[in-house]
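Following: one structure in structure tokens, then a few remarks.
The values are calculated or read from the model by the stated rules, or taken from the named source; none is laboratory data. The shown structure was predicted, so the numbers you read here are calculated from the model rather than taken from an experiment. Cβ sites come from the backbone with ideal geometry, for glycine too, and all protein chains shown count toward neighbours. Note: areas computed on protein heavy atoms with side chains; ligands, DNA, RNA excluded. Shrake-Rupley method; radii C 1.70, N 1.55, O 1.52, S 1.80 Å.
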Amino acid sequence: MSWRRIWTITRKDLADAIRDGRVLAVLIIPIALGVLYSAIYPEKEPRPTADVVVVGASPDAARVATELPRDVRRSLDVTVTRQADEAKARAAVADDDADVAVVIPDGLLSGARSGRAPPVRAYVAPDASPTTNAVVDLVPSTLSRLADRPPAITVQATPVESTSPTVLDVLGLRDYFVLAAVVMLLGFVGMMATPIILAEELEKRTVEALLLAARGSEVLTAKALVGLIYSCVATAITVLLTRVDVERPPLFVLGVLGTAVSIVGVGLCFAYLFRSADKINTWAWVILMPFLIPAFLAGMNGLPGWVDVVVQATPTGQGMRTIVDGALPQDLFGDHLLAVAVFAVWGLGGLLLLGRVLQRRGS
């Protein structure tokens, strides 16, 4: 295998792709979507917000639920709901459906007036945000005002371990959709941009000339290299424009390269099957959608067993899981050896199959 011939073919394809408006459109659309997601979902809220559950069925609990938002409105926005069952309120905090749950026992305010008020329990997450801690600190002032006496009520914050945090809880809506746009970008490059280059050469029969000058494996390697270069450059542009945090770059790069190799391998096989750029433009959208759906499903909890198996068996599903882990300081999904195996089966399997076909055609 000659890397000089491979690089010569790669440079030619890169130049041809830049001149082809269809390929540029395929690259620009997902990048624009990533920037759009970044703009729609801002990194920070303009004002701190918190979801508070007031636990109790007594009139005291009703008064606290009414007065607390009024007392803290200058500092933050609070959404208060009522819950009579303390266990359900605690579960809401564990499931990240609420930031804090404040338990108001019966007769709390009358006990406070006589100086016999017990400490108030508040359930929070172990890694409670500054906003949540501010709510806990402001609750005693509301209770003391309702009891018509100086601060005499303390709040004891009890950490509640999260049951099963979702990707959206850990990563945030903005970053999740931006990373999904990265996987979408890899899908567009692998299933549309790169196959168009090979399909046009098959359609115009210029691939025959390439096979006279180079081996089939060299031609295929050059085509795959074009897809990888476009995937890496477009991903870097998207990450820089959206300013997504990448805590572990090696794992992030593994997810990007693995997904790119997998989809490029499959896409080049479809290019040989259709042998027409127009047919690829027509049918690639239909073929691409089943590949993209697992990337969006990867971050959802409670999927049926067979759906989770499908997500983990597809390159975009494993790619999204690996890319998300790379964006976080610690693993949320893990099992990266399985991801590498899935990438290898899809990508190298497709490339080896097509390489054998091209080699026979060249001979």
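Key figures
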read-out	value
Residue check for T259: modelled with pLDDT of 85 or more, within 17 Å of G349 (Cα to Cα) and in a helix (DSSP H, G or I)	yes
Residue within the stretch 275-295 that is under 14 Å from the mean Cα position of the chain (by Cα), surrounded by fewer than 24 Cβ atoms within 10 Å (Cβ to Cβ) and modelled with pLDDT of 85 or more present	yes
Which listed residue is more than 20 Å from F333 (Cα to Cα) and either among the polar types (S, T, N, Q) or within 28 Å of the chain's Cα centre (by Cα) (or both), from L220, L186	L186
Residue match in the stretch 261-269 (condition: open to solvent by 20 Å² or more (accessible area, probe 1.4 Å), more than 18 Å from Q318 (Cα to Cα), touching a residue at least 60 places away in the same chain (Cβ under 8 Å) and touching a Pro at 6+ places or on another chain (Cβ under 7 Å))	no
Residues of the stretch 296-325 satisfying the condition of being free of Cβ contacts under 8 Å to residues at least 40 places away in the same chain, open to solvent by less than 20 Å² (accessible area, probe 1.4 Å) and of a type in the set (G, A, S)	G317
Lone unmet requirement of (1) open to solvent by less than 50 Å² (accessible area, probe 1.4 Å); (2) in contact with a strand residue (DSSP E or B) (Cβ under 9 Å, 6 or more places away or on another chain); (3) assigned to a helix (DSSP H, G or I) for T66	(1)
Which listed residue, of P105, P140, is assigned to a loop (DSSP other than H, G, I, E, B) and surrounded by fewer than 19 Cβ atoms within 10 Å (Cβ to Cβ)	P105
Which listed residue is open to solvent by 50 Å² or more (accessible area, probe 1.4 Å), assigned to a loop (DSSP other than H, G, I, E, B) and among the basic types (K, R), from R116, R121	R116
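Okay, residues lined up against (1) open to solvent by less than 50 Å² (accessible area, probe 1.4 Å); (2) modelled with pLDDT of 75 or more:
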{"site": "T166", "(1), (2)": "yes, no"}
{"site": "L186", "(1), (2)": "yes, yes"}
{"site": "M191", "(1), (2)": "yes, yes"}
{"site": "A199", "(1), (2)": "yes, yes"}
{"site": "A213", "(1), (2)": "no, no"}
